[in-house]
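Input: a single structure, listed below in structure tokens.
Derivation of every value follows stated rules applied to the coordinates shown; laboratory data play no part. Fair warning: this is a prediction, and the values are worked out from it, not measured in the lab. Virtual Cβ from ideal backbone geometry, glycine too; neighbours counted across all protein chains shown.
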Amino acid sequence: MGIIIAIIIGAIAGWLAGQIVKGHGQGLLVNIVVGIVGALIASLLFPALGMGGGQGTNIIGSILYATIGAVILLVLLGLVTRSR
């Protein structure tokens with residue numbers, strides 16, 4: 001059940017990040033991957049910065065957390081692709 005929830009949260013977070021960072025909506029599968037990778041980025045970055053110890057205990061907190069990480073990922077990818 002945890003994998004299904006992670007995929008749903010990843011899909012929502014990836015879609016939200018694609019809406020925030022315009023031009024990066026790539027489709028459902030890529031949105032899921034971006035959302036899951038974004039959650040991983042947030043889970044590593046935020047505790048290192050002293051901004052929280054982990055994902056929220058509720059689903060809304062988890063989606064928000066993953067979305068912020070996914071936005072960071074999309075912005076970094078945008079910077080890399082523009083520099084080429």
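What is the order of VAL30, VAL21, fewest Cβ neighbours within 10 Å to most?
By the 10 Å Cβ count, ascending: VAL30, VAL21.
Can you tell me, using C-alpha contacts under 8 Å and at least 6 residues apart, the relative contact order of the chain as a whole percent?
Relative contact order of the chain: 35 percent.
To the nearest 500 deg cm²/dmol, what mean residue ellipticity at 222 nm is calculated for the chain from DSSP H runs of n ≥ 4 alone, each contributing -39,500 (n - 2.57), summed and divided by the residues?
Taken over the chain, the calculation gives -26500 deg cm²/dmol.
Pick out which of GLY27, GLY35, GLY50 has the largest mean-square fluctuation in a Gaussian network model of the chain, springs linking Cα atoms closer than 10 Å.
Comparing GLY27, GLY35, GLY50 in the GNM, the peak value goes to GLY50.
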